[in-house]
């Protein structure tokens with residue numbers, strides 16, 4: 001007989017996705033200036049020679065100033081991005097990270113919801129962002145993929161348009177299989 005614990009996952013949240021980054025200056029610039037995220041908190045681990053940067057879509061004025069309050073606040077935010085930087089990688093020309101989209105495939109991408117994909121992509125073009133897919137490329141129109149400085153893919157989507165994309169697909173995304 002299998003007993004189910006009275007502890008329930010009803011209060012669980014998806015809290016973070018971690019990406020390893022080569023150069024935190026380039027990555028922080030991309031995620032804050034280009035994608036509009038806010039740096040929520042930075043942690044340095046000198047003995048282990050790495051730093052963690054937590055970003056999210058939060059109002060800067062809501063971030064607690066006191067570090068004792070800020071840490072649990074940061075770790076209670078939904079869907080944050082954790083950038084991990086191993087010190088010295090920014091100076092190593094041979095260092096790179098696998099983005100999961102070439103063999104062997106694995107991790108694919110993160111997604112950012114925007115009010116207007118075309119306007120967002122126009123801005124990205126003006127900022128020199130590298131595109132994997134522009135909104136009108138390929139079969140799935142109205143969504144895009146860009147790359148961050150380490151080559152990780154970021155899907156740019158409009159939540160309202162996604163239903164149109166899936167409904168028009170002949171792949172049966174809405175079938176009850």
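I'm trying to understand the selection: among the residues of region 29-71, which are assigned to a loop (DSSP other than H, G, I, E, B) and surrounded by 11 or more Cβ atoms within 10 Å (Cβ to Cβ)? Correct list: 35, 36, 37, 49, 57, 58, 63, 64. Pairs meeting the criteria (first residue in region 159-177 and assigned by the TED database to the domain that holds residue 139, second residue modelled with pLDDT under 65 and surrounded by 10 or more Cβ atoms within 10 Å (Cβ to Cβ), beta carbons under 6 Å, at least 6 apart or on different chains) are 166/173. Of the residues examined, residue 74 is one that is under 22 Å from residue 12 (Cα atoms), buried (at least 16 other Cβ atoms within 10 Å of the Cβ) and either at pLDDT 95 or above or not assigned by the TED database to the domain that holds residue 159 (or both). Applying the criterion of being surrounded by 14 or more Cβ atoms within 10 Å (Cβ to Cβ) and not in a loop (DSSP other than H, G, I, E, B) to the residues of region 85-110, the residue that is nearest to the chain's Cα centre (by Cα) is 110. As for region 47-64, it holds at least one residue that is farther than 30 Å from residue 123 by Cβ, free of Cβ contacts under 8 Å to residues at least 40 places away in the same chain and in contact with a strand residue (DSSP E or B) (Cβ under 8 Å, 6 or more places away or on another chain). Checking the stated criteria, residue 7 turns out not to satisfy the condition of being outside any helix (DSSP H, G or I) and closer than 25 Å to residue 154 by Cα. I need the full set of residues from region 124-145 which are surrounded by 15 or more Cβ atoms within 10 Å (Cβ to Cβ), without any contact (Cβ under 8 Å) to a residue 24 or more places away in the chain and over 24 Å from residue 167 (Cα atoms), in order please. Of everything in region 124-145, just one residue is surrounded by 15 or more Cβ atoms within 10 Å (Cβ to Cβ), without any contact (Cβ under 8 Å) to a residue 24 or more places away in the chain and over 24 Å from residue 167 (Cα atoms), namely 131. Against the numbered list (1) under 19 Å from residue 31 (Cβ atoms); (2) at pLDDT below 95, residue 67 comes up short only at (1).
Within this structure, residue 113 fails the test of being under 22 Å from residue 152 (Cβ atoms), at pLDDT 95 or above, in contact with a strand residue (DSSP E or B) (Cβ under 9 Å, 6 or more places away or on another chain) and buried (at least 16 other Cβ atoms within 10 Å of the Cβ). Restricting region 10-28 to residues that are in a loop (DSSP other than H, G, I, E, B), more than 18 Å from residue 154 (Cβ to Cβ) and touching a residue at least 12 places away in the same chain (Cβ under 8 Å) leaves a set whose member that is farthest from the chain's Cα centre (by Cα) is 13.
The values are calculated or read from the model by the stated rules, or taken from the named source; none is laboratory data. All values derive from a computational prediction rather than experimental measurement. As a convention, Cβ positions derive from the backbone with ideal geometry for all residues, glycine included, and neighbour counts pool all protein chains shown.
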